[in-house]
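**Student:** Sharing a structure below in structure tokens format, with a few things to ask.
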Amino acid sequence: MQLYDMPDARGHFGQYGGTFVAETLVEALEELRVMYEKYRHDPVFLAEYAYDLKHFVGRPSPIYHAKRLSDKVGGAQIYLKREDLNHTGAHKINNTIGQALLAKRMGKPRVIAETGAGQHGVATATIAARLGLECVVYMGSEDVKRQAPNVFRMKLLGATVVPVESGSKTLKDALNEAMRDWVTNVHNTFYIIGTVAGPHPYPMMVRDFQAVIGVESKVQMLEMVGRQPDAVVACVGGGSNAMGIFYPYIDVPNVRLIGVEAAGLGMETGQHAAPLTANSPVGVLHGNRTYLMQDNDGNIIETHSISAGLDYPGVGPEHAWLKDIKRAEYVAVTDDDAMAAFHNLCRTEGIIPALESSHALAYAEKLAKTMSKDQVILVNLSGRGDKDINTVAKLANITL
Amino acid sequence: MSRIQSVFSTLKQQGKTALIPYITAGDPHPKFTVSLMHTLVEHGADMIELGVPFSDPMADGPVIQRASERALMHKVGLTAVLEMVKTFRETDQATPIILMGYANPIEAIGAVAFADRAKAADVDGVITVDYPPEECGGFVKELRAHDIDPVFLLSPTTEPKRVELIVNQASGFVYYVSLKGVTGAANLDIVEVASRVASIRQQTSLPVGVGFGIRDAATAKATAAIADAVVVGSRMVLAIEASNETNLLSNVATLMAELKAAVDAA
């Protein structure tokens, strides 16, 4: 089997990815590409990154055998990669540390970020505080309202949170606004993108920084069950936690890789955020070519998911590629099924999962039922659900 | 010779600089766009840059973003924009029309079909903000095959080696973005722009237009002295935004007359 070696030198995964940006950003991306090439294999840089992952984040995150859940579901054994136990409560910090260390080496005193649910914003504000960098986070004004605790966390960490009023006032508009800031302040500013999207080298760089999830998993699974899992399941919005756990497994035969998108109110309603599952048309947004939810005029349409972190009309270009070459499978889970899986994990295992990760859990339950008891599913539990308790309470008509 | 080339060559003989106003198609309402275009021409537009509304205009400042949102409220997409150009051409076959927009609406139609339809509507040039030359070789070939000029942006950060790459793909003219930032941003440094335009001229014989940051008669005049074309976008859209149905055309005419006088006085 030929070893997987993507993307190409200009960031293409087949027809996907690339560098679709205005001329003003080309030079900045070239500078970033060159610097990342310089440091991605640099032992001193990697040692510093590894040190922070261990002592600041608390890695390696454990893998946990969810026995009661597995028994209850009946079928394959479900194991959880506990990214929820990371500092700041999700996988996002793996990437922000890597990019912030790069920003320091590039002499950029200011970092900016976009955020939807606020997890990436918090992870960026956290490392900015730790490294003494100025931090500005763009967040759709709708999300600012929905995610007030995370907004306050970012402010406690010294970041400036800018509510974005344009477009649909959500994640994609926050990304547009961060790009506009970057174009204007490119001389002193590093843009820390939170997912495996954006122009090259972001999809590759974010994947590389998140790959620690899969690298650890391969070692831990051998230790715990003596072999690799039959299936790895992860939720996909932009797709960074999924890419992080999938990537080290791409060349491992007989491990199914399954990305779970948000089916929202149901695929048939059109109210979802699942461009891969829906086979949406291919287009260009936020610097790369990928599957995109759009209308006939090529305008991006509004997406729906109960989980703000999955509420994105596109998807990382490498997922688009893995779908086309059939190395990964993509499915979607509705708001209702994700909520059921959320409550299930709370009650059977004493773990409150993020609503994003609950999508992966929901599909894992469904899949486990079709498998035998000696088979193994590894779920990337990408974040903890403390941030979601207001949303969950509201659904039950409870005021906190 | 393309319509764009012939306008530039005529102006050059007259020792004049082109004035290119930008409006977003469908703003403030699709029913005004064609009359706005004729008004622009009557009051001194040598060419028109017609913005194609897009849901995610990443390179645009708040003024043009709002214009895009107003147009999208009336569902004005690329197909509707091409229809507007067709209608405009019924009474004006002389003024070059340059579409300016983002890649995805073109991707949604497909490069070949887009070029066919743009040609049928008699479009002269296309600026696609997020199609750098490395990513749009096939598209440029299609435009060329249909005698449509692919117009590219150059920025203050574009290195000479890249200028070379870009001018080799471009035709009609090149568009120098006079500042780092989005459309309608802060003041431009005219000395800096003059030196960049001079160095671009050493690398190409294509006319050089300058835009982004031209906000009044004074900046238009200063820019006209060093460029082959002055592009005015956000200022034009602001005038549209500040108008109502009854004074829309007269406000735009007044602004155009001021800008035209300034450009001609350079």
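The values are calculated or read from the model by the stated rules, or taken from the named source; none is laboratory data. Just so we're clear, the structure is a prediction, and the values are computed from it rather than from any experiment. Because the Cβ atoms are built from the backbone with ideal geometry, glycine has one as well, and the counts that use them run over all protein chains shown. For accessibility, only protein heavy atoms count, side chains too; no ligands or nucleic acids. Shrake-Rupley method; radii C 1.70, N 1.55, O 1.52, S 1.80 Å.
Here is a yes/no grid of residues against (1) more than 30 Å from A:A364 (Cα to Cα); (2) over 23 Å from the mean Cα position of the chain (by Cα):
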{"position": "A:L32", "(1), (2)": "yes, no"}
{"position": "A:Y39", "(1), (2)": "yes, no"}
{"position": "A:V44", "(1), (2)": "yes, yes"}
{"position": "A:D52", "(1), (2)": "yes, no"}
{"position": "A:V57", "(1), (2)": "no, no"}
{"position": "A:P62", "(1), (2)": "no, no"}
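**Student:** Hey, another quick one. From the list A:I352, A:I389, A:I398, which one is open to solvent by 10 Å² or more (accessible area, probe 1.4 Å), at pLDDT 95 or above, under 18 Å from A:Q147 (Cα atoms) and of a type outside the set (D, E, K, R)?
**Tutor:** On the way: A:I389 fails: at pLDDT 95 or above; A:I398 fails: at pLDDT 95 or above.
Result: A:I352 is the single residue among A:I352, A:I389, A:I398 that is open to solvent by 10 Å² or more (accessible area, probe 1.4 Å), at pLDDT 95 or above, under 18 Å from A:Q147 (Cα atoms) and of a type outside the set (D, E, K, R).
**Student:** Restricting to region B:122-135, count the residues that are closer than 21 Å to B:Q5 by Cβ and either assigned to a loop (DSSP other than H, G, I, E, B) or within 14 Å of the chain's Cα centre (by Cα) (or both). Lay out the reasoning, then the answer.
**Tutor:** To start, the set of residues in region B:122-135 that are closer than 21 Å to B:Q5 by Cβ comprises B:122-128, B:133.
Within this subset, residues satisfying the condition of being either assigned to a loop (DSSP other than H, G, I, E, B) or within 14 Å of the chain's Cα centre (by Cα) (or both) are B:122-128.
Selection size over region B:122-135: 7.
**Student:** Please pick out the residue among B:F54, B:F8 that is modelled with pLDDT of 95 or more and either within 19 Å of A:R180 (Cβ to Cβ) or assigned to a loop (DSSP other than H, G, I, E, B) (or both). Even if it seems obvious, please write down each step before you answer.
**Tutor:** Values: B:F8 fails: either within 19 Å of A:R180 (Cβ to Cβ) or assigned to a loop (DSSP other than H, G, I, E, B) (or both).
Of B:F54, B:F8, the one residue that is modelled with pLDDT of 95 or more and either within 19 Å of A:R180 (Cβ to Cβ) or assigned to a loop (DSSP other than H, G, I, E, B) (or both) is B:F54.
Let's see how each residue does on (1) within 14 Å of chain B (Cβ to nearest Cβ); (2) open to solvent by 10 Å² or more (accessible area, probe 1.4 Å):
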site	(1), (2)
A:N288	yes, no
A:G298	yes, no
A:D324	no, yes
A:L345	no, no
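**Student:** Can you go through A:G107, A:G14, A:G89, A:G74 and tell me which one is farther than 30 Å from A:V183 by Cα and over 20 Å from the mean Cα position of the chain (by Cα)? Steps first, answer last, please.
**Tutor:** Working: A:G107 fails: farther than 30 Å from A:V183 by Cα; A:G14 fails: farther than 30 Å from A:V183 by Cα; A:G89 fails: over 20 Å from the mean Cα position of the chain (by Cα).
The match here is A:G74.
**Student:** From A:V136, A:V164, A:V144, grab the single residue that is buried (at least 24 other Cβ atoms within 10 Å of the Cβ) and in contact with a strand residue (DSSP E or B) (Cβ under 9 Å, 6 or more places away or on another chain). Spell out how you get there, then give the answer.
**Tutor:** On the way: A:V136 fails: buried (at least 24 other Cβ atoms within 10 Å of the Cβ); A:V144 fails: buried (at least 24 other Cβ atoms within 10 Å of the Cβ).
Of A:V136, A:V164, A:V144, the one residue that is buried (at least 24 other Cβ atoms within 10 Å of the Cβ) and in contact with a strand residue (DSSP E or B) (Cβ under 9 Å, 6 or more places away or on another chain) is A:V164.
**Student:** If you scan region B:69-94, which residues turn out to be more than 9 Å from chain A (Cβ to nearest Cβ) and either part of a helix (DSSP H, G or I) or buried (at least 18 other Cβ atoms within 10 Å of the Cβ) (or both)? Talk me through it step by step, then tell me what you get.
**Tutor:** The initial filter retains those residues of region B:69-94 that are more than 9 Å from chain A (Cβ to nearest Cβ), namely B:70-71, B:73-74, B:81-94.
Residues satisfying the conditions are B:R70, B:A71, B:M73, B:V81, B:L82, B:E83, B:M84, B:V85, B:K86, B:T87, B:F88, B:R89.
**Student:** Okay, next question. Could you tell me which of the residues B:I98, B:I64 is more than 9 Å from chain A (Cβ to nearest Cβ), over 24 Å from B:F8 (Cβ atoms) and crowded, with 24+ Cβ neighbours inside 10 Å? I'd like the intermediate steps shown before the answer.
**Tutor:** On the way: B:I98 fails: over 24 Å from B:F8 (Cβ atoms).
So the residue among B:I98, B:I64 that is more than 9 Å from chain A (Cβ to nearest Cβ), over 24 Å from B:F8 (Cβ atoms) and crowded, with 24+ Cβ neighbours inside 10 Å is B:I64.
**Student:** Step by step: first the residues of region B:3-54, then only those that are of a type in the set (G, A, S) and more than 16 Å from the chain's Cα centre (by Cα), then the one that is nearest to B:G184 (Cα to Cα). Which residue is that? It would help to see each step written out before you state the result.
**Tutor:** Quick first cut of region B:3-54, residues of a type in the set (G, A, S) only: B:6, B:9, B:15, B:18, B:25-26, B:35, B:44-45, B:51.
When the remaining residues are screened for being more than 16 Å from the chain's Cα centre (by Cα), the result is B:6, B:9, B:15, B:35.
Working: B:S6: 29, B:S9: 29, B:G15: 28, B:S35: 24 Å.
Once the filter is applied, the top-ranked residue is B:S35.
**Student:** Can you tell me how many residues in region B:139-163 are farther than 12 Å from A:E23 by Cβ and within 14 Å of chain A (Cβ to nearest Cβ)? Step through it out loud before you land on a result.
**Tutor:** Step one: of region B:139-163, the residues farther than 12 Å from A:E23 by Cβ are B:139-150, B:160-161.
If we keep only those that are within 14 Å of chain A (Cβ to nearest Cβ) too, we end up with B:139, B:150, B:160-161.
Selection size over region B:139-163: 4.
**Student:** Those residues that are in a helix (DSSP H, G or I) and charged (D, E, K, R), I need them from region B:11-50; list them, please. Walk me through how you get there before you give the answer.
**Tutor:** Step one: list which residues in region B:11-50 are in a helix (DSSP H, G or I), which gives B:11-13, B:30-42.
Selection gives B:K12, B:K31, B:E42.
**Student:** Within region B:35-56, which residues are within 14 Å of chain A (Cβ to nearest Cβ) and either open to solvent by less than 10 Å² (accessible area, probe 1.4 Å) or in contact (Cβ under 8 Å) with a residue 60 or more places away in the chain (or both)? Step through it out loud before you land on a result.
**Tutor:** Kept after step one, since they are within 14 Å of chain A (Cβ to nearest Cβ), are these residues of region B:35-56: B:51-56.
Result: B:G51, B:P53, B:F54, B:D56.
**Student:** Next question, about the same structure. Pull out all pairs, ordered by first then second residue, where Cβ-Cβ is under 7 Å, the residues are six or more apart or on different chains, the first lies in region B:107-132 and is at positive phi, and the second is open to solvent by less than 40 Å² (accessible area, probe 1.4 Å).
**Tutor:** These pairs meet every condition: B:D122/B:V85; B:D122/B:R89.
**Student:** If the requirement is being closer than 22 Å to A:M267 by Cβ, free of Cβ contacts under 8 Å to residues at least 40 places away in the same chain and not acidic (D, E), which of these qualifies: A:K326, A:K394? Show your work before the answer.
**Tutor:** On the way: A:K394 fails: closer than 22 Å to A:M267 by Cβ.
Exactly one residue qualifies, and that residue is A:K326.
**Student:** What number of residues within region A:248-286 are open to solvent by 10 Å² or more (accessible area, probe 1.4 Å) and in a loop (DSSP other than H, G, I, E, B)?
**Tutor:** Residues meeting the conditions: 13.
**Student:** Among the strands (runs of 3 or more DSSP E) confined wholly to region A:1-87, which include 2 or more residues that are within 14 Å of chain B (Cβ to nearest Cβ) and open to solvent by less than 60 Å² (accessible area, probe 1.4 Å)? Give the steps one after another, and end with the answer.
**Tutor:** Values: elements: A:16-20, A:63-65, A:77-82.
In region A:1-87, A:16-20 are the strands (runs of 3 or more DSSP E) which contain 2 or more residues that are within 14 Å of chain B (Cβ to nearest Cβ) and open to solvent by less than 60 Å² (accessible area, probe 1.4 Å).
**Student:** Checking the conditions here, which among A:A174, A:A178 is out of contact with any helix residue (DSSP H, G or I) (no Cβ under 9 Å at 6 or more places or on another chain), closer than 23 Å to A:E27 by Cα and within 14 Å of chain B (Cβ to nearest Cβ)? Let's see the steps before the verdict.
**Tutor:** On the way: A:A174 fails: out of contact with any helix residue (DSSP H, G or I) (no Cβ under 9 Å at 6 or more places or on another chain).
Of A:A174, A:A178, the one residue that is out of contact with any helix residue (DSSP H, G or I) (no Cβ under 9 Å at 6 or more places or on another chain), closer than 23 Å to A:E27 by Cα and within 14 Å of chain B (Cβ to nearest Cβ) is A:A178.
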